[in-house]
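Notes for the one structure printed next.
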Amino acid sequence: MQWETVIGLEVHVQLATRSKIFSGASTAFGAEPNTQACAVDLGLPGVLPVLNEQAVAMAVQFGLAVHADIAEVSVFDRKNYFYPDLPKGYQTSQMYHPIVGPGDVEITLEDGSSKRIRIHHAHLEEDAGKSLHEDFHGMTGIDLNRAGTPLLEIVSEPDMRNAKEAAAYLKAIHSIVTYLGISDGNMAEGSMRCDVNVSVRPKGQEAFGTRAEIKNVNSFRFVERAIAFEVERQIELIEDGGSVVQETRLFDPDRDETRSMRTKEEANDYRYFPCPDLLPVVLDQAYLDHLRGQLPELPADKRERFQNELGLSAYDANVISASRDMAEFFEAVHSECGDAKQAANWVQGELSGALNRESLSIANSPISARQLGELISRVLDNTINGKAAKEVFQALWNGQGESADEVIEAKGLKQVTDTGAIEAMINQVIADSPAQVAQYRDSEPEKRGKMIGYFVGQVMKASRGTANPQQVNGLLKEKLDALL
Amino acid sequence: MALEESHVRRAAHLARLAVSDDQASGFVDDLSRILDMVDQLQSLDTEGVMPLAHPLDATQRLRADEVTETNQRETFQRCAPAVENGLYLVPRVVE
C-alpha cells in the first residue's frame with residue numbers, strides 16, 4: 001500500500017525580552033540557579049502578574065510577518081497541571097483567544113519549488129523552570145530562572161507531507177524570528193524548541209490517521225530523523241495489523257528512535273479557565289500600524305528581490321536570504337563591488353567555507369563586507385586574477401593588511417596584463433620545454449587543448465601567479481600554433 | 001447534573017487534594033447542587049453575547065520591558081524544605 005505522511009509542528013520560541021513575561025526578573029541565559037526567579041516567578045502568595053509590553057509587541061510582529069490576523073482582544077488562560085518546575089501549579093497561556101490568528105509561511109524546498117504552510121495560530125505563554133535529574137541524594141534539583149520567560153508557541157496546520165518540508169518550515173520560522181530580532185533562535189540553548197505531530201494515512205484517503213506527538217526535537221537535523229523513524233514505525237505497526245496510539249513520544253537522538261513517554265497516566269486534563277489575575281489584552285489599529293511600520297524586510301521579500309532585481313539564482317537567493325546577517329553582509333559586499341553574482345559566490349564560497357572551518361558566525365567574520373567588496377572589485381577591474389584574489393582573501397582573513405589594495409601592493413600580486421611582458425615569459429617557457437612542444441606538435445589537434453594546460457601552468461609559475469590567465473591562454477595558443 | 005463519587009475522586013486527584021470517603025460523599029451532594037445552578041444559567045439564551053473573560057470592565061495594563069528585580073535567592077530559599085547548590089530540592093521526578 002502507498003502511504004502518505006501528515007505532519008504538523010508546534011514551535012516554541014523564547015522571546016528576546018530583557019525581563020520576564022509577567023515579572024521584572026531578568027531572562028539572561030546562564031545565570032546561577034534561582035538568582036533570576038522573583039516572587040512572581042516562584043508563585044508566592046499575594047503576587048500579581050503584569051504583562052510585558054515587549055512580549056506583546058514581538059508576538060504581534062511575528063503575526064504581521066506571517067500575514068496573520070492579530071486579535072483585537074486576546075485573553076490569558078490558566079493551564080493547570082502539577083510539576084515541580086511549575087511552582088504556581090498552572091502555566092499562564094492563551095487557549096481560547098490567542099494573540100495571533102491564522103496566517104501562513106512560504107517554504108522553499110531543495111528543488112527550488114515553494115509551498116505555502118498555513119499557521120493555525122500563535123499564542124503567548126510562560127516557560128517553566130528546569131528539573132535537574134542528577135542525583136541529589138535521591139532528589140531532583142529545580143532551577144526556576146527560566147520560569148516566566150516569554151514564549152511564543154506557533155502552531156502549524158497539518159500541511160507538511162514529508163520530513164524535508166517539516167525541516168524547511170522550521171528553517172523558515174527560524175529565519176523569520178531571527179530577522180525580526182524577536183528571538184536569538186538558538187536551538188542548542190533551547191531558545192527554539194519543536195514538537196512534531198506525525199500520522200500516516202493510505203494515499204488518497206482524506207481522513208487523518210491517529211497521530212503521535214514527538215517531543216524534544218531540537219535541531220533541524222533531528223526533525224528529519226525523528227520523522228523518518230516515526231513514519232516507518234507507524235507504517236510497520238499498521239501493516240502488521242496493529243494501530244497507532246495517540247500518545248506523546250520522546251526522540252532519542254543517540255539511538256535515533258522515538259519512545260513512548262508515559263502511558264500509565266490518564267489523559268491530561270488541564271482544566272483551562274481565564275486567568276483572573278490578568279485582564280483581556282486589547283490592541284488598537286494605531287498600535288498595529290506602528291509595529292507594522294517597524295518591520296524589517298523579511299526573508300521571503302529579500303529572496304524575491306535578490307532573484308528578480310539582482311539576478312541571483314533561486315538557490316543562491318534562498319541560501320543568502322535565510323539568515324539576516326548573511327543577507328545584510330551580502331548586500332554590503334554587493335554595494336561595494338557592484339556585481340551581485342560575484343558577491344554571492346564569494347559570500348557563499350570562500351567566506352562561508354572559511355567561517356565554517358573556524359566555527360565562526362558571519363557576524364564575527366574577520367573580513368568585513370567592505371574589505372571583501374573591494375577585493376572583488378579588484379578582480380572585476382583586472383587588477384588581480386582569481387588565484388591572487390584567494391591569496392588576498394587569506395591575508396585579509398589573517399589580519400595581514402587593512403584593505404585589498406594594501407595586500408596586493410605588499411605582496412606584489414598586481415596582475416601582469418602587459419602583453420610584451422607575458423610574451424617574454426611565454427617565449428622563455430617554450431624555449432625551456434622542447435619535449436613538451438614536440439609532443440604538442442605531434443598530437444591530434446583535438447587533444448592540444450588539454451596539453452596547453454602544462455604551458456599555462458609554467459607561465460603562471462614564472463609570473464608568480466600574477467599573469468592574466470586569459471591573456472596567457474590566448475597568447476600561448478597563438479605562439480604554439482605558429483610552431484606547427 | 002448528578003455527579004458520581006468517581007467524578008469527585010478524579011477532581012480531587014487532579015487538584016492533588018486528599019479527600020476521605022466520608023468527605024467524598026458529602027462533596028458529591030455539594031458539587032451536584034453547584035452544577036445544578038450552572039445548568040440553570042445555561043438554560044439562558046446567550047446567543048450573540050460575548051463570553052466574559054473578566055468581570056472587570058477594564059483592559060490589561062502593560063509594563064515596560066525592564067529588569068526591576070534583584071537576586072533574593074537567599075531570602076526565598078529560607079522557607080524551602082531543602083536546597084543545594086542554589087537549587088530547590090524536591091522528591092525525585094521520574095520521566
Straight-line reach check, A:Lys20, cutoff 16 Å on alpha carbons, 8 or more apart in-chain or any other chain, hits among lysines -> A:Lys88, A:Lys130
With unit charges on the beta carbon (Lys/Arg positive, Asp/Glu negative), name the residue among A:Gln471, A:Ser335, A:Ser243 whose Cα is farthest towards the positive pole of the charge dipole of the protein assembly as shown. A:Gln471
Summing -39500 (n - 2.57) over every DSSP H run of at least 4 residues in the protein assembly as shown and dividing by its residue count gives a helix-only mean residue ellipticity at 222 nm, to the nearest 500 deg cm²/dmol, of -12500 deg cm²/dmol
Do any residues of the stretch B:39-67 lose at least 20 Å² of accessible area when the full set of protein chains is present rather than just their chain alone, and if so which, with a 1.4 Å probe? B:Ala53, B:His54, B:Ala58, B:Thr59, B:Gln60, B:Leu62, B:Arg63, B:Asp65, B:Val67
All aspartates and glutamates inside 13 Å of A:Lys341 as judged from Cα atoms, apart from same-chain residues fewer than 8 positions distant: A:Glu309, A:Asp316, A:Glu331
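Using mean Cβ contacts within 10 Å as the protection proxy, how do A:43-56, A:186-199, A:103-116, A:439-452 order, highest first? Working shown, then result.
Working: A:43-56: 16.9, A:186-199: 19.3, A:103-116: 15.4, A:439-452: 11.5.
So the peptides A:43-56, A:186-199, A:103-116, A:439-452, ranked by packing, come out A:186-199, A:43-56, A:103-116, A:439-452.
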Report, ordered by chain and residue number, the lysines lying within cross-link reach of A:Lys411, taken as a straight Cα distance under 22 Å and ignoring same-chain residues fewer than 8 apart. A:Lys387, A:Lys390, A:Lys461
Given charges at beta-carbon only (K, R positive; D, E negative), |dipole| of the stretch A:419-482 in Debye: 180 debye
Highest average packing first - A:421-430, B:2-11, Cβ atoms within 10 Å: A:421-430, B:2-11
Tensor-based shape of the stretch A:24-72 (alpha-carbon gyration tensor, a/c under 1.5 rounded, otherwise prolate or oblate): oblate
Identify the chymotrypsin sites (Phe, Trp or Tyr not before Pro) of the stretch A:99-205 meeting these criteria: DSSP loop state and at most 16 other C-beta atoms within 10 Å of the C-beta. none
Please work out the Cα center distance from the stretch B:1-63 to the stretch A:1-74, rounded to the nearest Å. 29 Å
Over the stretch A:297-411, what relative contact order in percent results from Cα pairs under 8 Å that are six or more residues apart? 20 percent
Chain pair A, B: total accessible area buried, heavy atoms, 1.4 Å probe, Å²: 4000 Å²
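Using a 1.4 Å probe, what is the accessible area per residue for the protein assembly as shown, in Å²?
With the other protein chains kept in place, the protein assembly as shown gives 51 Å² per residue.
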For the protein assembly as shown, build the charge dipole from Cβ charges (+1 Lys, Arg; -1 Asp, Glu) around the Cα centre, then report which of A:Ser433, A:Ala226, A:Val379 sits farthest towards its positive end. A:Ser433
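Let me confirm one metric for peptide A:129-137, namely the mean number of other chain beta-carbon atoms within 10 Å of its residues' beta-carbons.
On the way: counts 2, 1, 5, 3, 4, 1, 1, 8, 4.
Going residue by residue through A:129-137 and averaging, the value is 3.
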Please figure out what share of the DSSP beta bridges in the stretch A:196-307 is antiparallel and state it in percent, rounded to the nearest 5. 70 percent
With +1 on the Cβ of every Lys and Arg and -1 on the Cβ of every Asp and Glu, and nothing else charged, how large is the dipole of the protein assembly as shown about its Cα centre, in debye rounded to the nearest 20? 1720 debye
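Nearest 20 debye, what's the magnitude of the dipole of the stretch A:250-407 about its Cα centre given +1 on Lys and Arg Cβ and -1 on Asp and Glu Cβ? Mind showing how you got there, number by number?
Details: 16 positive and 28 negative charges, 62 e Å.
With only Lys, Arg, Asp and Glu charged at Cβ, the dipole is about 300 debye.
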What's the ranking of A:455-462, A:325-332, A:206-213, A:139-146 by average number of surrounding C-beta atoms within 10 Å, highest first? A:139-146, A:325-332, A:455-462, A:206-213
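Just the number, please: carbon plus sulfur as a percent of the accessible area of the protein assembly as shown, 1.4 Å probe, no ligands or DNA/RNA counted.
Of all accessible area on the protein assembly as shown, carbon and sulfur atoms account for 50 percent.
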Just name one of A:Ala317, A:Ala172, A:Ala122: the one whose Cα is farthest towards the positive end of the charge dipole of the protein assembly as shown (beta-carbon charges, Lys/Arg +1, Asp/Glu -1). A:Ala317
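Treat chain A as a sphere of radius equal to its Kirkwood radius over Cα pairs and apply Stokes-Einstein at 10 °C in a medium of 1.306 mPa s; give the translational diffusion coefficient in µm²/s, rounded to a whole number. It would help to have the intermediate numbers written out before the result.
Values: Rh = 26.8 Å.
It comes out at roughly 59 µm²/s.
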Label point distance in nm, A:Asn345-A:Lys390, each placed 7 Å from Cα along Cα→Cβ: 1.3 nm
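Evaluate E = 1/(1 + (r/R0)^6) for A:Gln428 and A:Leu288, where r is the Cβ-Cβ distance and R0 equals 56 Å; express this FRET efficiency to the nearest 0.05.
On the way: r = 74 Å, r/R0 = 1.32.
FRET efficiency, A:Gln428 to A:Leu288: 0.15.
The values are calculated or read from the model by the stated rules, or taken from the named source; none is laboratory data. If you're wondering where the values come from, they're calculated on a predicted model, not measured in any experiment. Please note: Cβ atoms are built from the backbone with ideal geometry, for glycine as well, and neighbour counts cover all protein chains shown. Note: accessible area is taken over every heavy atom of the protein model, side chains too, but ligands, DNA and RNA are not part of it. Shrake-Rupley method; radii C 1.70, N 1.55, O 1.52, S 1.80 Å.
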